[in-house]
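The values are calculated or read from the model by the stated rules, or taken from the named source; none is laboratory data. What you see is a predicted model; the values in this text were computed from it and never measured. Here Cβ is always computed from backbone atoms with ideal geometry, including for glycine, and neighbour counts include all displayed protein chains. These accessible areas exclude ligands, DNA and RNA; they are computed on the full protein's heavy atoms, side chains included. Shrake-Rupley method; radii C 1.70, N 1.55, O 1.52, S 1.80 Å.
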Amino acid sequence: MHTTFSITRVTSNTCSSASSSSSSATIMTSTSTLTTATTLLTSVAAFLLLSVAINCHIVITEAMPGSSLGVHVVRSPESAVAPKGDEVVFECELNLSPERLKWKFRHSSKRAIDGSNFHYLSVEEGYNVTNEDRTSKLRVFVQLETLGDYQCVAWFGSAAIASTSASLTLVSITIDNSNGYSRNAIRWNVAPKNCALIRCGIVTSNPTAIWNFYRNGEKIQQTDSVPTSGALILNTVTSKDSGNYTCSARNPITGQEVKLPQRIDLRVDYSDRTPPYFLAQPPKQVTARPGDTVVLECPGVGSPPPGAVWSSPNVVNMNNNRTHMLPYGLQINNVLTEDQGSYVCRLDNGIAPALVHIIKFTVLEKPKILRGPARTSANESETLELECSATGNPYPDIYWLINGVDTSEDKEMLHDGRRLVIQHVQKRHAGIVQCFAKNEVGEISEANRLNVNPKQIHGGSTAGGNVPLRLPYEHGGGKNKGKKKHRTATMIPPSRPNVTRLSDDSVMLRWFIPKNDGLPIQFFKVQYRMLGGGSHKLPRENWQTTNDDIPFGKRNRNLDSLKNFTTSVTGLKPDRYYKFRIIAVYSNDDNREGNTSAKFFLQRGDALGLSKSNLPVPILNRVESVSSSAIMLHWSLPIAMTGQSEVDGFYAYYRPTSSAGEYLKATVDGMDTRKFKIDMLESGTAYEFKLQSFNELAASEFSSIIQGKTKKSLSTITPINEALDPSSKASDVENSVYPLVAGAAGGGILLLIVSVTACLCVKKRKNSQTEDQNKPQLDHMQADFVTPQVLSVSSHHKNGSSGSRLNGVLPRMNITPNPLAQEADKLSYRNISVIYSRIVMSWNCVLWPITATPI
């Protein structure tokens with residue numbers, strides 16, 4: 001709305017300014033000359049150029065994308081520690097009600113730093129999932145098989161957003177023997193009035209263990225000591241503190257208690273004067289999280305007892321109300337990020353040398369995303385680069401999800417830390433892109449929209465997609481003798497595809513086009529639809545379109561029989577029913593779909609008891625160059641075929657040797673066929689070939705690759721150079737002199753066209769989508785994600801309703817499942833029409849006084 005208003009307002013000012021200029025021009029008409037008219041035209045053209053530039057700036061400024069995504073995860077599942085046999089509930093909540101919400105799981109043995117190795121859970125498999133409006137709850141019975149990471153994914157149409165993951169860990173407690181603690185007794189001699197810190201060892205406990213200490217076999221009451229971090233503190237020791245000390249640790253959930261084997265024999269007695277020393281080396285590296293309370297240990301002893309002085313070379317304002325000096329260290333309450341640094345403890349009792357202990361204190365921080373992925377629009381097949389920067393301590397690992405799928409599973413993706421590069425943007429990438437930052441402290445994500453502008457296929461202007469073909473005179477007699485007859489060329493649809501299983505996730509389709517005089521076909525598109533599972537109740541999915549354009553090849557008018565085509569469809573899921581259909585796109589840019597295939601069940605190979613080794617592998621003997629556009633393949637089968645399955649035919653694969661792209665495919669029917677001609681090749685070009693045998697259930701391994709080259713074409717085109725007569729050339733130059741007024745007018749029009757074109761190009765590149773800018777983001781999400789269409793049809797027939805089909809033809813088709821790529825086109829067409837009308841109005845205002853006044 002704002003964009004249209006700006007154009008109208010500027011147009012009104014432009015017209016009134018032009019009218020004012022035309023009034024001045026009328027006063028000057030009594031003495032006007034050719035030069036005056038030229039000056040006026042130039043001035044007006046310059047004014048129009050300036051106004052169009054201002055208008056374009058307004059349009060582009062107002063069309064800049066602004067606000068955030070509009071849908072987000074309100075509550076992600078939280079990590080849990082539970083004993084075996086317990087039940088844990090994970091909960092996930094969104095701010096909008098999704099169309100569907102599912103849970104993913106990754107076993108603890110497959111943990112990774114990214115979002116890979118997850119698989120979806122289903123109610124049919126016995127998982128207890130409860131979905132209510134915007135909330136979903138997953139109840140998990142704790143056992144070894146259910147330990148790992150859990151994540152919820154919500155769909156809004158074809159777009160999906162994922163929560164951060166939560167981990168389920170089993171309660172445990174074990175003794176850590178990697179720190180040099182032994183089973184032998186250690187004897188310590190300490191002078192009275194020192195502070196002794198006793199630690200028997202280290203345990204690994206989830207959650208943190210509770211410690212108990214024993215002196216001479218009797219438990220020490222907490223009124224006599226303060227246990228902290230697995231250490232017993234004895235302040236101002238006396239002779240009564242002498243004895244044998246042992247320790248034990250207990251898991252607070254299970255109550256399991258482990259006794260550490262280390263024993264310490266403490267003797268408190270007066271001794272000679274000694275410099276400061278440590279009974280046991282204290283930690284040199286300490287970590288804590290913000291808000292924790294931590295003690296930097298420096299428990300030195302000596303005779304007399306030493307005093308400690310603390311300092312730091314890089315921590316500002318170390319002495320504050322959160323730090324407290326203790327006899328055995330420095331305590332920091334409510335840890336903050338600025339507390340991180342190096343701390344120096346200097347122990348001195350007046351006897352040299354003093355004891356210096358340096359501690360590196362690290363404050364762990366949850367990840368924080370500094371700049372998430374930007375709201376982006378990209379054209380199909382282009383390269384797109386996204387960035388996401390984050391901070392945290394330790395520095396977080398960054399990974400990406402697009403519509404809930406980890407980008408490491410997509411061969412089109414290159415992930416280099418903070419950068420995500422999509423080498424060839426495809427329609428399936430449209431939706432929600434998420435950047436996740438994760439470290440040992442926590443995980444965070446940020447999401448935005450990724451719009452993909454698909455390849456558009458627009459219908460022609462003739463109703464029904466039929467194009468009249470003008471034929472020569474036909475003499476038949478009667479009234480029609482000698483008159484021209486017209487015939488309409490129809491769009492012959494592809495045949496129903498024949499489906500063959502290739503693997504657990506792919507099939508091969510075969511179809512044909514009969515000989516016909518209809519419209520030439522440019523290329524084909526393949527669509528497929530999942531209809532559900534075999535034993536599982538799975539919802540049907542919408543029709544999906546593959547990304548590849550399957551070329552028709554060179555059209556051969558002398559073709560006496562049908563023309564066969566072959567292609568493969570990958571990325572399917574086993575144990576599901578599918579249907580397939582072929583869509584042909586014709587020379588008039590219209591399209592027509594063929595009949596849908598029979599329902600096909602893609603069964604797993606292990607369930608069928610099949611393997612590729614059951615089918616004989618063809619032996620490609622030689623390739624024969626037949627012509628400049630054809631090569632003949634010759635092959636054989638192994639002599640010993642005992643125990644191998646019968647074959648129905650062969651798949652021939654070929655591509656130029658200079659290409660690393662996909663192979664073109666051809667189908668050869670018949671088990672006894674041993675040669676096949678591949679035509680419509682490029683002349684003088686080297687190709688590589690390979691074969692597969694197949695039957696209705698599987699395909700064999702590939703044969704070895706053999707190269708062949710087509711013959712060079714003998715036909716040449718001789719350029720014809722025509723000499724020009726100098727006299728006629730001079731005459732043409734003389735006759736091409738135009739009046740000055742026409743030249744100035746043409747220059748003005750050219751400037752105007754160039755400016756408008758430049759503005760439209762800039763605006764198109766911005767790809768703004770501001771049509772509903774005043775609406776809340778919730779409306780955008782529901783309009784863009786909730787109702788995706790695989791085929792977007794709009795009728796251009798005068799006598800047909802919207803979305804109608806005439807003669808089985810879709811008048812206009814977007815072959816794309818992307819619901820995000822339509823609004824920009826609507827806005828662009830509206831702005832083009834308004835700017836065009838503005839140019840016409842402005843130019844009429846300029847030309848009226850010139851044409852109405854004689855010069």
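Out of the residues in the stretch 294-314 that are in contact with a strand residue (DSSP E or B) (Cβ under 7 Å, 6 or more places away or on another chain) and surrounded by fewer than 17 Cβ atoms within 10 Å (Cβ to Cβ), state the one that is nearest to residue 364 (Cα to Cα).
Looking at the filtered set, the residue picked out is 314.
For residues that are aromatic (Phe, Trp, Tyr) and at pLDDT 85 or above, scanning just the stretch 471-522, find the one that is most open to solvent (accessible area, probe 1.4 Å).
Per the stated criteria, the residue is 512.
Identify, from the list 572, 620, the residue that is open to solvent by less than 40 Å² (accessible area, probe 1.4 Å), over 22 Å from residue 669 (Cβ atoms) and either in a loop (DSSP other than H, G, I, E, B) or at pLDDT 90 or above (or both).
572
Just checking, how many residues over the stretch 428-447 are more than 9 Å from the chain's Cα centre (by Cα) and open to solvent by 10 Å² or more (accessible area, probe 1.4 Å)?
The qualifying residues number 10.
Based on what the data block shows, is residue 643 modelled with pLDDT under 80 and under 30 Å from residue 607 (Cα atoms)?
Criteria met by residue 643.
Tally the residues that are basic (Lys, Arg) and within 22 Å of residue 157 (Cα to Cα), restricting the search to the stretch 85-123. Before the answer, list the steps.
First, the residues of the stretch 85-123 that are basic (Lys, Arg): 100, 102, 104, 106, 110-111.
Then keep just the ones that are within 22 Å of residue 157 (Cα to Cα); that gives 100, 102, 104.
The qualifying residues number 3.
If you take the residues of the stretch 391-427 that are touching a strand residue (DSSP E or B) at 6+ places or on another chain (Cβ under 7 Å) and among the β-branched types (Val, Ile, Thr), which of them is most open to solvent (accessible area, probe 1.4 Å)?
391
Would it be correct to say that residue 352 is part of a loop (DSSP other than H, G, I, E, B) and among the aliphatic types (A, V, I, L, M)?
yes
Looking at this structure, is residue 238 surrounded by fewer than 15 Cβ atoms within 10 Å (Cβ to Cβ) and out of contact with any Gly (no Cβ under 7 Å at 6 or more places or on another chain)?
Here the answer is yes, as residue 238 does meet what is asked.
Collect the residues in the stretch 278-307 that are of a type in the set (Gly, Ala, Ser) and closer than 17 Å to residue 323 by Cβ, keeping them in residue-number order.
Going residue by residue through the stretch 278-307, those that are of a type in the set (Gly, Ala, Ser) are 280, 288, 291, 300, 302-303, 307.
Within the stretch 278-307, 288, 291, 307 qualify.
Taking the condition of a type in the set (D, E, K, R) and part of a strand (DSSP E or B), does residue 265 pass?
Numbers: of a type in the set (D, E, K, R): yes; part of a strand (DSSP E or B): yes.
Here the answer is yes, as residue 265 does meet what is asked.
Confirm whether residue 69 is aliphatic (A, V, I, L, M), assigned to a strand (DSSP E or B) and surrounded by 17 or more Cβ atoms within 10 Å (Cβ to Cβ).
no
Which residue out of 167, 136 is open to solvent by less than 70 Å² (accessible area, probe 1.4 Å), in contact (Cβ under 8 Å) with a residue 12 or more places away in the chain, touching a Cys at 6+ places or on another chain (Cβ under 7 Å) and not in a loop (DSSP other than H, G, I, E, B)?
Criteria check complete, one pass: 136.
Restricted to the stretch 96-106, and to residues that are open to solvent by 40 Å² or more (accessible area, probe 1.4 Å) and outside any strand (DSSP E or B), which residue is farthest from residue 446 (Cα to Cα)?
Result: 99.
Residue check, residue 308 against (1) under 26 Å from residue 204 (Cα atoms); (2) aliphatic (A, V, I, L, M); (3) in a strand (DSSP E or B), all met but one. Which one?
(1)
Can you give me the number of residues within the stretch 669-701 that are within 12 Å of residue 620 (Cβ to Cβ), over 37 Å from the mean Cα position of the chain (by Cα) and either surrounded by 20 or more Cβ atoms within 10 Å (Cβ to Cβ) or hydrophobic (A, V, I, L, M, F, W, C) (or both)?
1
Is there any pair linking a residue in the stretch 304-317 that is over 17 Å from residue 278 (Cα atoms) to one that is surrounded by 15 or more Cβ atoms within 10 Å (Cβ to Cβ) and among the charged types (D, E, K, R), with Cβ under 8 Å and at least six apart or on different chains, and which?
311/346; 315/339
What number goes with the only condition from (1) hydrophobic (A, V, I, L, M, F, W, C); (2) surrounded by fewer than 20 Cβ atoms within 10 Å (Cβ to Cβ); (3) farther than 30 Å from residue 275 by Cα that residue 185 does not pass?
Every listed condition holds for residue 185 apart from (3).
Regarding residue 390, is this residue within 14 Å of the chain's Cα centre (by Cα), within 28 Å of residue 421 (Cβ to Cβ) and part of a strand (DSSP E or B)?
For residue 390, the condition - within 14 Å of the chain's Cα centre (by Cα), within 28 Å of residue 421 (Cβ to Cβ) and part of a strand (DSSP E or B) - is not met.
Mind counting the residues in the stretch 323-342 that are touching a strand residue (DSSP E or B) at 6+ places or on another chain (Cβ under 7 Å), open to solvent by 40 Å² or more (accessible area, probe 1.4 Å) and over 13 Å from residue 295 (Cβ atoms)?
Qualifying residue count for the region: 2.
Among all residue pairs at least 6 apart or on different chains, which show Cβ distances below 8 Å where the first residue, located in the stretch 637-662, is assigned to a strand (DSSP E or B) and open to solvent by less than 80 Å² (accessible area, probe 1.4 Å) and the second is polar (S, T, N, Q) and modelled with pLDDT under 85?
Going by the 8 Å Cβ cut-off, the qualifying pairs are 649/667; 650/667; 651/667; 652/667.
With the checklist (1) open to solvent by less than 20 Å² (accessible area, probe 1.4 Å); (2) at pLDDT below 90 in hand, flag the one item residue 243 doesn't pass.
(2)
Checking residue 541 against (1) within 15 Å of residue 494 (Cα to Cα); (2) modelled with pLDDT of 85 or more: exactly one of these is not met. Which one?
Condition (1) is where residue 541 drops out.
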